[in-house]
Amino acid sequence: MKKNVKEILNELNYEDLMKLKYDIDNGALHLKRLLNKKIKEIEQNNMHTCAECGRKINPLTDFEIKIEYGEPDFKRRAYLCSVDCLMDFAKELKSIEIKAKRSKN
């Protein structure tokens, strides 16, 4: 369950509220540091790399294509940053599929 700022403030005790007020009154350096750290953590946890070109993709701000492929018991996942990368990735998959069919015969 997500909480808004008002709900979070209601959960803080008096001492923590006074520390927060003091920090805000003095430029909020500690609060800024905490916010920046949390934002960076969220971005890094959600960051993906394009399987085709290697570009870093932040799904919170960038366009992202996610593909799951493979056999039912061994699925693979690929993240792509554009339709061009999707087309190139599809060509590579097609060539892998053709090679696999040839090796079976």
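Since every read-out is calculated from the coordinates, none of them should be taken as a lab result. Since we're looking at a predicted model, the values are computed, not measured. All Cβ positions, glycine included, derive from the backbone under ideal geometry; neighbour counts span all protein chains shown.
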Report, to the nearest 10°, how far helix 83-104 tilts away from the longest principal axis of the Cα atoms in the chain, using its own Cα long axis and a range of 0 to 90°.
40 degrees
Rounded to the nearest whole number, the Stokes-Einstein translational diffusion coefficient of the chain at 4 °C and 1.567 mPa s (Kirkwood radius, C-alpha pairs) in µm²/s is 72 µm²/s
Which lysines have a Cα lying under 22 Å from the Cα of Lys2, excluding residues fewer than 8 positions away in the same chain?
Lys32, Lys37, Lys38, Lys40
In degrees from 0 to 90, rounded to the nearest 10, what is the angle of the helix 29-46 Cα long axis to the longest principal axis of the chain?
20 degrees
If the only charges are +1 at each Lys and Arg Cβ and -1 at each Asp and Glu Cβ, what is the size of the charge dipole of the chain around the Cα centre, to the nearest 20 debye?
380 debye
So what's segment 1-46 giving for Cα Rg divided by 2.2 N^0.38 Å, two decimals?
1.32
Please report, in debye to the nearest 20, how large the charge dipole of segment 48-105 is about its Cα centre when each Lys and Arg carries +1 at its beta carbon and each Asp and Glu carries -1 there.
320 debye
Return Ser103, Ser95 ranked ascending by Cβ neighbour count within 10 Å, so the fewest neighbours appear first.
Ser103, Ser95
Placing one equal point scatterer on each C-alpha of segment 48-105 and summing with Debye, one gets log10 I(q)/I(0) at q = 0.14, 0.30 Å⁻¹ equal to -0.44, -1.19
Tally of Lys pairs whose C-alpha atoms are under 18 Å apart, taken over segment 48-105, 8 or more apart or cross-chain:
8
